[in-house]
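Heads up: the structure comes next, in structure tokens.
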Amino acid sequence: MLHLPTNNTLLEATLIELNEAWLNNAPLVVDRIVSDFDHTTLHLLTPDNENRQWVYLSIVLMTWSSLCKCSNEEFLLRYIQSKFDKYNNDSDNSNIIEILPKNQTVQGYNLTLRLDISKLNNQSITDLSLLKTHIMSYPFQLSFQKFNQLSAMEVAPSNDAVSTYRMQYREDENIYIQPSNDRITVIFETIFNDETDKIFSKVFLQEFVDSRKRNRSIQSAPQVLFSNTPPREIINITTNQNKDVDSKFITFVLFPRHFSNDEIQFKTICKLLQFRHYFHYHIKCSKAFMHSRMRFRVNNFIKVLNRAKFDSNDDEENGTSSGQLDDKRRTITGRKLVY
Amino acid sequence: MSYLNNPAIVMDNGTGLTKLGFAGNDSPSWIFPTAIATSQGSQSTSSSKKLDTSMNMSNTNYSSSTTATGATSTGTGTNKNSYYAKSTSATAFDNLSSNVLLSNNLAGKRGTEDLDFYIGNEALIASQGPSYSLSYPIKHGQIENWDHMERFWENSIFKYLRVEPEDHYFLLTEPPLNPPENREQVAEIFFESFNCAGLYIAVQAVLALAASWTSSKVIDRSLTGTVIDSGDGVTHVIPVAEGYVIGSAIKNIPIAGRDITLFIQSLLRERGEQDTSLKTAERIKQEYCYVCPDIVKEFNKFDRNPEKFAQFVVENKERTSKKIIDIGYERFLAPEIFFNPEIASSDFLTPLPTLVDQTIQACPIDVRKGLYNNIVLSGGSTMFKDFGRRLQRDLKSIVNNRIAQNERLTGTKSTGVDVSVISHRKQRNAVWFGGSLLAQTAEFRGYCHTKQDYEEYGPEIVRNFSLFNMV
């Protein structure tokens, strides 16, 4: 079905493979690239051939620098480490999952985790395969905190107090997260380069916005708005002021029920972060569907055309073996060639 | 350009197995059967209901999965293993239901059925249920069902590789003698459906040659050689001169992995072993078989030395019962059918070395030396121990006999022909590995056709690709 898993299944499968190989006393040496959406590359590397227990998991994301700007890099690293702290038991000196200090990060990557392959279990492997989600959840987490702060205030805060977090997840494409005292607004800025995609995306987004109105069973879903111009919330901070790129803006309005506890928060983040992937995947699927309809039509037309061809019966009546060969030698009008 | 740092994607869609991965890796990230399980739209009541609400449904499904209320998808890793494991076989052993190929034609369906499908191992599992039917979109190396293939690619890119095709260059493979129309179709799908950044379509045999460069025996990196590609269904012998396949000389024999498995199975059955399933036979093939230099001597060796007989333990899934299977002469007899086909079949009798010789003799005379010099193995069925050595010896004797006869008849001295068969460690996925090797080079992007090129010239642009000049 049209379902994309939240975690990176390839990373998961690779870690399971490594873990099993270790348990079978045949540890592997790896140097592999794993990719993810939005210019994300993960790299698994066994740094020391002799000591195969340790594996470096490095990640480079396009959005890293904008994430660092949300607060600062140190807090971000601490936040990521906190996601994996539950697997590191205190009694042991060596951590199972540990972020390496900045100077030891593998060249060309934003972050390197050192993993103890021998001590991974299913739960930690699944969590590691969510690494990208964990990293990108940082501004969301900040907004949840900010929201709590703002909503605790008695007077509604002035507009100056409102801060917006920006995640530049692709070139020219951003996610804006703006907490206020009663809601959190998440705005996706996205661009389509291909002409066909532009049309598909427009139709799709219009239907997508309407689906909440039409269907009663999804009334609890966040409200979705769609516009071709930057919404007022972010009009001052949009980077693409030049109008030659026509960005589309999709706004999700999250109410407190969408982030009332940790579990729901995490789900909300996962779903929002997957929005663009689903969106693009869906458009590609629609195109594939159109193509299959087109092939079907063409085949039908060819059948009709073939009906207009001359019968080859008179050939078969001769019963000669050369009849088969001659059959193909016809002029464009279907007349048989005689020579 | 932002996609400069993204690794290129190498996709090798074979008849049986698909190999997917990133350039620069030493092995494919995913290996699964090239199979797709599509829903059978013929379920009367439920599907017609679905049709009515299809428009709503697609939106509902979508938005509910993007909102917070959607079901969690972080399952445990254990039960996923079977879906995501790397397979070495294209056969679905657990497939109890017969593969009813009912209406697989998507075009007859009008609902959301086009989204309801699985690929790879998931497809094999799904097809055991009543509502999915399995099909293999590639037959004899060539794509037969474009609808299915398009969706197969779509799912493998987004779900398995997790990449945005717009950001990556793609290297695809095609069988030798693939009609250019098929290439154009592939290009249409990749550029128009997926908007991929760039595309290169390479011939499998050429990639297999490139993969052999990792062997220490290879000194010059030339693209001249004979490729012996033996997968599950057919064994091809493909001569390649300077990167171009000599199409007129390609020969194939209908003996490959599956025949060896069946042969082992028949031997087990004759002996009345406890377990004679195809799965057992395949594992025996993969783990115990080897090629012997002389079949008669090997029989004697076995008779004198009973330790050579191995035993193989079959456990059922719950690990409650054990069956012990004796493995005897099939250890060396099974791969022997490449060299003496008469022991297994009665309709095909040319041994592989003879066929290789015939192939090379059918090529232009000025490339023959190069072809004898560089015989490269590729595919899982060439993995038997000493396969290359035996092939080299047999071929050498054929060639030497001919030279001797020639010298006797003409009275002139020949300079001799050097026969060498190259086997290397990446043989199993040689085609994919060769692709990975080429696609990670800095020049690769220059050889690709980009989306801009495609839009400028149209699909016929992919009829020609410039060759890698790696020397």
Packing rank of A:286-292, B:434-440, B:249-255, where each peptide gets the mean count of other beta carbons within 10 Å, highest leading: B:434-440, A:286-292, B:249-255
To the nearest 0.05, how large is the calculated FRET efficiency for A:Ser82 and A:Ser151 if R₀ is 22 Å and r is the Cβ-Cβ distance? 0.40
From the phi angles alone, apply the Karplus equation (6.51, -1.76, 1.60; θ = phi - 60°) to the range B:389-397 and give each ³J(HN,Hα) in whole Hz, x where the residue is Gly or Pro. 5, 5, 4, 4, 5, 4, 5, 4, 5
With a point put 7 Å past each Cα toward its Cβ, work out how far B:Ile295 is from A:Lys102 in nm, to one decimal. 7.0
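At 0.36 nm per residue, and after removing the present C-alpha to C-alpha distance, how many nm does the segment from A:Leu225 to A:Ser65 gain when stretched out fully?
My answer for the length gained is 54.8 nm.
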I need the calculated FRET efficiency for the pair B:Leu278 and A:Phe255, taking r as the beta carbon distance and R₀ as 51 Å, to the nearest 0.05. 0.35
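Anything over 27 Å Cα to Cα? Flag those among A:Lys102/A:Lys132; A:Lys213/A:Lys248; A:Lys119/A:Lys146; B:Lys217/B:Lys385; A:Lys287/B:Lys426; A:Lys119/B:Lys426, in the order listed.
Pairs exceeding the cut-off: A:Lys119/A:Lys146; A:Lys287/B:Lys426; A:Lys119/B:Lys426.
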How much length is gained on full extension from B:Ile403 to B:Tyr244, taking 0.36 nm per residue of separation minus their Cα-Cα distance? 54.5 nm
Quick one: Karplus J couplings for the range B:345-357, per residue in order, coefficients 6.51, -1.76, 1.60, θ = phi - 60°, nearest Hz, x for Gly and Pro? 10, 10, 9, 10, 10, 7, x, 4, x, 4, 5, 4, 4
Could you list which residues have their amide H under 5 Å from that of B:Ile201, counting only those 5 or more apart in sequence or on another chain, with H placed in the peptide plane? B:Leu172
When the Karplus curve 6.51 cos²θ - 1.76 cosθ + 1.60 is applied with θ = phi - 60°, which whole-Hz ³J(HN,Hα) does each residue of the range A:27-36 get, with x for Gly and Pro? x, 9, 9, 10, 8, 10, 9, 10, 10, 9
Provide the FRET efficiency to the nearest 0.05 for the A:Ile235-A:Ala21 pair, computing r from the beta carbons and using R0 = 41 Å. 0.15
Could you tell me whether the range B:165-216 comes out rounded, prolate or oblate from its Cα gyration tensor? Rule is a ≥ b ≥ c as square roots of the eigenvalues, rounded for a/c under 1.5, then prolate if a/b exceeds b/c, otherwise oblate. oblate
Built amide H within the under 5 Å cut-off of B:Val376, gap 5+: B:Thr226, B:Val227, B:Ile228, B:Ile422
Label points 7 Å out from Cα along the Cβ direction at B:Glu181 and A:Asn49: separation in nm? 5.3
With label points set 7 Å from each Cα along the Cα-to-Cβ direction at A:Asn193 and B:Asp453, the distance between them in nm comes to 1.5
For the range B:139-245, just say rounded, prolate or oblate: build the C-alpha gyration tensor, square-root its eigenvalues into a ≥ b ≥ c, call rounded for a/c under 1.5, and beyond that prolate if a/b exceeds b/c, oblate if not. prolate
At 0.36 nm per residue, and after removing the present C-alpha to C-alpha distance, how many nm does the segment from B:Asn464 to B:Thr354 gain when stretched out fully? 36.2 nm
Rounded, prolate or oblate (a/c below 1.5 giving rounded, otherwise prolate when a/b exceeds b/c) for the range A:12-134 by Cα gyration tensor: prolate
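Just so you know, all these numbers are worked out from the coordinates, no wet-lab data involved. Keep in mind that this is a model prediction, so the values were computed, not measured. Cβ atoms come from the backbone with ideal geometry, glycine included; neighbour counts cover every protein chain shown.
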